[in-house]
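The values are calculated or read from the model by the stated rules, or taken from the named source; none is laboratory data. What you see is a predicted model; the values in this text were computed from it and never measured. Note: ideal-geometry Cβ built from the backbone for every residue, glycine included; neighbour counts use all protein chains shown. Calculation scope for accessible area: heavy atoms of the full protein, side chains included, ligands and nucleic acids excluded. Shrake-Rupley method; radii C 1.70, N 1.55, O 1.52, S 1.80 Å.
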Amino acid sequence: MVRGFFDSFFSGLLDSKAQSVEEKRQPRLLKQLVAACYENMSGCFSNVMFPLLLGMNFESYDKAVEAMQAHHFNNDTSHKLLLRFACQSKPLYDTLVAEYRRQMETLLLGHIQSVAEHVRTRQPMPEGEEMDSDHAIRAVVRAEMHGYALGIKVSGTGRTSLHQPTVFRLMAEGMATLLHDEETDVWADMEKIGLDGVYRRVCKDARNYETLINEMNQAYEDLATAEGIVSALGDDNKDNT
């Protein structure tokens, strides 16, 4: 989820700011974007991750609200405290913070962490914090879709559309990091098996595939309603997946 957020958020910024594929790949531009967002990064991260973590760790939204009211949270409550609360355990929070720092360090070097890098260096989840695959897939999809939309929103360009190839890349690579324990060439034989084949391979089985596609479509509909995200995806999302 954390890697997916950072990949998606900065992909949104790059899609909005860069004029070409070559420019997107320049470390200098990414470093500039990281520097420009550095002060507000924790707020952007919390904006996306806080509700997802609540959904993971509370039985219902009402239960989460009751607990927040009991802690007297308000608009002045720090992002750190909100995330610590949403994690509901110190080991999970420590894992979250460690991964946040790893992602920021990678970005400051001028690149977004690749799937291979993540699989090689990621830390195991704290004992007892594992999720079933359905919930995990939905959480990663939401972290990426909402992170990408937020990156576009804060770019200041006025853009309101998601770039379809970027969304498809994020989803495929997100599943590769989530569902695979070893490095995998996500785009191997792409010309032969097509995008649908890539998705089915990284998802491993039909259930995971259906969960991914359904959550992608639902996330897009929610973003279209809440954020006014339009064009670029639309009905093509369903046709192509």
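Quick look at the numbers
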| quantity | calculated |
| --- | --- |
| Shape of the chain, Cα gyration tensor, a/c cut at 1.5 | rounded |
| Tensor-based shape of the range 78-134 (alpha-carbon gyration tensor, a/c under 1.5 rounded, otherwise prolate or oblate) | oblate |
| Amide proton proximity set for Ser161, modelled H, under 5 Å, gap of 5+ | Val230 |
| For the range 167-172, 3J(HN,Hα) per residue [Karplus equation, 6.51 cos²θ - 1.76 cosθ + 1.60, θ = phi - 60°, Hz, x = Gly/Pro] | 4, 5, 5, 4, 5, 5 |
| HN-Hα J in Hz across the range 34-50 - Karplus 6.51, -1.76, 1.60, θ = phi - 60°, x for Gly and Pro | 4, 4, 5, 9, 4, 5, 9, 4, 5, x, 5, 4, 5, 4, 8, 7, 4 |
| Fraction of accessible area attributable to carbon and sulfur, the range 62-132 (%, probe 1.4 Å) | 53 |
| Inverse mean reciprocal Cα-Cα distance (Kirkwood Rh) of the range 1-139, Å | 16.5 |
| Exposed-loop-free span, longest in the chain, where GluC sites (Glu not before Pro) count as exposed if DSSP calls them loop and at most 14 other C-beta atoms lie within 10 Å | 60-126 |
| Inter-label distance, nm, simple model (7 Å from Cα along the C-beta direction), Gln164/Ala226 | 2.5 |
| For the range 103-174: accessible area per residue (Å², 1.4 Å) | 43 |
| Rounded accessible area of Cys37 (nearest 10 Å², 1.4 Å probe) | 20 |
| Gyration tensor verdict on the range 1-57 (Cα atoms; rounded if a/c is under 1.5, prolate if a/b is larger than b/c, oblate otherwise) | prolate |
| Note, ³J(HN,Hα) from phi for the range 132-142, Karplus 6.51, -1.76, 1.60, rounded to Hz, x at Gly and Pro | 6, 4, 4, 5, 5, 4, 5, 5, 5, 4, 5 |
